[in-house]
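The values are calculated or read from the model by the stated rules, or taken from the named source; none is laboratory data. Every value quoted in this text rests on a predicted model; they were computed, and no experiment measured them. Don't worry about glycine lacking a Cβ; one is built from the backbone with ideal geometry, like all the others, and counts go over all protein chains shown. For the accessible areas, the whole protein counts, side chains as well, though only heavy atoms, and no ligand, DNA or RNA atoms are used. Shrake-Rupley method; radii C 1.70, N 1.55, O 1.52, S 1.80 Å.
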Amino acid sequence: MPIETNQYFFGNSLVNFSEGGSQTNLPYWLNQLTLEAGGTYNVNGGFGFLRQFADRLEPANEWGFQGITGEWDDDSERFADQAFSQVVITPGNFIQDLAPTANYPDGNISPVGATESILATVLTDQPNAQIFIYQGWSDLAAFSETFPPSESSIERYYDYNQEDYHTWFIDYVDTLNASTPDANITLIPVAPVLASLLEHGGPLAGINTTDLFTDSAPHGTETTYFLASLITYQATNGEPAPASFDVPANIHPLVVENYTELLDYIEVQTTNYMDMVVSTPELGPELGPETPAEETPAEETPEEETPEEPIVAPEAAPTPDVAPEPAPLPAPEAEVVSPSEPELAPEDTPQPETPQETERAPALEQPPVSDTNLEPPAETETETETETETETETWRGQELEQGVTVADMMAAEALYCTPEQIAEAEAFYAAEQSADLGFPTVPMSTFYAQESPYNDSEEDESAPLSASLKTIVTDIL
């Protein structure tokens, strides 16, 4: 039966890196693979992180992709009016230093709490949609201050994606399935499967880091998003991508040459990582009352003193009762429209927010850069919020654009600047202003002046914050 998919993504740049080109995103490749399999594919989505998604009154419709016509026209329909067959939620990749149930360092809600708010909307507006959590690859900057990273750093990075990082997502999804059983969430384990492909000894270990990532965020190349689409296709459709697909030449040669073998590898690895998630939290309580009632012939063998055996008999663990999730259920009520011509919507035109929504927008999720960001004293929380509200007009001597907050800039600075750069910037802008010149007179070092992340020159390629902020602001707004 042909696959008919109509997806909505609560996403970020690990799903759609709009600045990288028309093929540095998942939907482009998922569409190509689905068409090759004889199916149809439609998609809508919006940028943000969990707290931004939870705070919105209506999911955003901001994306457009080459060759794909999204079925949701938000000019004439609400989110609830569309019948999505799958809804995919994407957490940030730099919040895993704390448990998923722990509150954000600068807020009073946890990743689980924010996601439960999103699920409340999805379960109400899209009751027939399958719900997935997209596990994008983790933050590379936490393992290396430079890009590209050393060989030892990238190996530690790949190990982390398969171990502690993946464990965080298992706990996250298990907790959500326990608190919101109607959601029946499935994990898309892109990070660990991708890492197993690329690590030393993996099928694609010969691919250089610079052929996969463009920075420490890390944003990917066409090859990375293509590999991620193969994992996502397997997880959301319950079957491998079509072996007949003609992989284009702009994908790394190792992938092209070993494509069919990679499909087999991805099928096994994806299934293994998905099986680590508890999909039916109600299973435990159901086992108790049934098991001893069926097998308790203890009267026949009292002398053996083995009344425990009937309790652990194989029949007592009906694992087939766990609802299988790999095969998606297409929404039969959704009328699928095949795109007649390529249509590319601008990625940087999010829906305008009302003033009320802007005021309620939470701070950008912050990465684990330093201990000072982890646990602010509870008694100063009110003071911190007040200070943030009064400092939103300027940052480092510059007025901020509408919708960009000081918290956004601080998080971006922590993610993309070294501690030395941040310290020098703080010293510079904290100095007293010259009465004659009207600006601080403390000189920055030669390195800082040349490599400044605040350098906005388009000709200077050493301006990581300026370039990265464009992506982050695009993700948020």
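One decimal place: the segment Gln66-Thr394 gains 114.3 nm when fully extended, by the rule 0.36 nm per residue minus the C-alpha distance.
Can you tell me the dipole magnitude for region 65-184 around its Cα centre, using point charges on the Cβ only (Lys, Arg +1; Asp, Glu -1), in Debye to the nearest 20?
Numbers: 2 positive and 20 negative charges, 29 e Å.
With only Lys, Arg, Asp and Glu charged at Cβ, the dipole is about 140 debye.
Each of the peptides 9-19, 58-68 was scored by the mean count of other Cβ atoms within 10 Å over its residues; in descending order, highest first, they stand as 9-19, 58-68. Proximity of backbone amide H atoms, modeled 1.01 Å from N, is registered between Gly45 and Phe9, Glu62, Trp63 at under 5 Å, excluding neighbours fewer than 5 places apart on the same chain.
Solvent-accessible area of Ser138, all protein chains in place: 0 Å² (probe radius 1.4 Å, heavy atoms, ligands and nucleic acids excluded).
Working value for region 111-236: equivalent-ellipsoid semi-axes of 30, 15, 13 Å, each the square root of 5 times a Cα gyration tensor eigenvalue, largest first. What the pair-distance distribution of region 56-152 shows, using all Cα-Cα distances binned every 10 Å from zero, is 12, 33, 30, 19, 5, 0 percent. By definition, a body whose alpha carbon gyration tensor gives a ≥ b ≥ c is prolate when a/c is 1.5 or more and a/b is larger than b/c, and region 1-125 fits this prolate description.
Summarise the accessible area of region 1-133 (1.4 Å probe, protein heavy atoms) by the percent that is carbon and sulfur. Working shown, then result.
Details: 1790 of 4030 Å².
The computed percentage sits at 44.
In the complete set of protein chains, residue-level accessible area for Met410 is approximately 100 Å², probe 1.4 angstrom. Note on Ser244: accessible area is roughly 80 Å² with a 1.4 Å probe, heavy atoms of protein only. Per residue, the solvent-accessible area of region 1-116 (1.4 Å probe, heavy atoms of protein chains only, all protein chains present) comes to 30 Å².
At 1.4 Å probe size, with the rest of the protein present, what percent of the exposed accessible area of region 208-283 is carbon and sulfur atoms? Walk me through the intermediate numbers first.
Numbers: 1460 of 2910 Å².
In region 208-283, the share of accessible area belonging to carbon and sulfur is 50 percent.
What does the C-alpha gyration tensor say about the overall shape of region 110-182? Classify as rounded when a/c is under 1.5, otherwise prolate if a/b is larger than b/c, or oblate. Prolate.
Which values, in whole Å and largest first, are the semi-axes of the equivalent ellipsoid of region 1-59 obtained as the square root of 5 times each eigenvalue of the Cα gyration tensor? Present the calculation step by step, with values, prior to reporting the outcome.
On the way: eigenvalues 119, 47, 8 Å².
Semi-axes from the Cα gyration tensor: 24, 15, 6 Å.
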